[in-house]
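First up is the structure itself, then whatever we jot down about it.
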Amino acid sequence: MRILICEDDPLQQEWLASRLRHEGDFVCVSEQGDQALAAWQEGRPWDFVVTDYSFIPGEKIKNGLDLVREIHSVDPSQRIIVQSGQSHLVVPPDVRLLRKPYSFRRVVRTMTTMQTLSPMLLL
């Protein structure tokens with residue numbers, strides 16, 4: 001799979017990227033919102049976007065939900081997972097939320113579930 005990660009915590013970034021690469025996935029990592037959007041636009045298609053809610057804000061993309069809105073305005077079927085330690089965060093119904101801390105098994109299970117759902121069910 002092709003997976004874009006937007007995460008500014010180097011430990012979380014390395015943990016997730018290395019585990020996904022070990023599984024054979026192609027992974028692109030960005031630390032900042034505008035860079036993540038540019039990578040998404042240039043590298044399409046992506047199987048998944050995994051973004052933290054909080055990261056280094058860009059001029060246009062200030063947080064993970066801004067990234068979700070911008071991506072879905074172009075491609076509403078893009079599968080996106082938002083990760084956050086914030087317990088009160090609410091994401092759109094077509095986006096999955098992983099509350100930190102989480103296991104790698106949970107990431108895999110979330111991606112598998114999202115792949116089996118019809119794109120029309122996610123809209």
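The values are calculated or read from the model by the stated rules, or taken from the named source; none is laboratory data. Keep in mind that this is a model prediction, so the values were computed, not measured. Don't worry about glycine lacking a Cβ; one is built from the backbone with ideal geometry, like all the others, and counts go over all protein chains shown.
So the values come out like this:
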read-out	value
Candidates Pro93, Pro76, Pro101, filtered to the one that is of a type outside the set (D, E, K, R) and in contact with a Gly (Cβ under 9 Å, 6 or more places away or on another chain)	Pro101
The range 29-59, subset in a loop (DSSP other than H, G, I, E, B) and over 16 Å from Met1 (Cβ atoms), residue nearest to the chain's Cα centre (by Cα)	Tyr53
Single residue of Ile61, Ile80 found to be under 17 Å from Met111 (Cβ atoms) and crowded, with 22+ Cβ neighbours inside 10 Å	Ile80
Hits in the range 82-110 - residues which are touching a residue at least 24 places away in the same chain (Cβ under 8 Å) and in contact with a helix residue (DSSP H, G or I) (Cβ under 6 Å, 6 or more places away or on another chain)	Val82, Asp94, Val95, Phe104
All positions within the range 73-123 that are aliphatic (A, V, I, L, M) and either assigned to a loop (DSSP other than H, G, I, E, B) or modelled with pLDDT under 90 (or both)	Leu89, Val90, Val91, Val95, Leu117, Met120, Leu121, Leu122, Leu123
Cβ-Cβ under 7 Å pairs, at least 6 apart or on other chains, the range 29-42 side more than 11 Å from Phe55 (Cα to Cα) and in contact (Cβ under 8 Å) with a residue 24 or more places away in the chain, far side among the hydroxyl-bearing types (Ser, Thr, Tyr) and not in a helix (DSSP H, G or I)	Ala39/Ser30
Hey, Asp66 of a type outside the set (Val, Ile, Thr) and assigned to a loop (DSSP other than H, G, I, E, B) or not	no
Residue that is surrounded by the fewest Cβ atoms within 10 Å (Cβ to Cβ) [pool: residues in the range 6-28 that are touching a helix residue (DSSP H, G or I) at 6+ places or on another chain (Cβ under 6 Å) and under 20 Å from Leu97 (Cβ atoms)]	Arg19
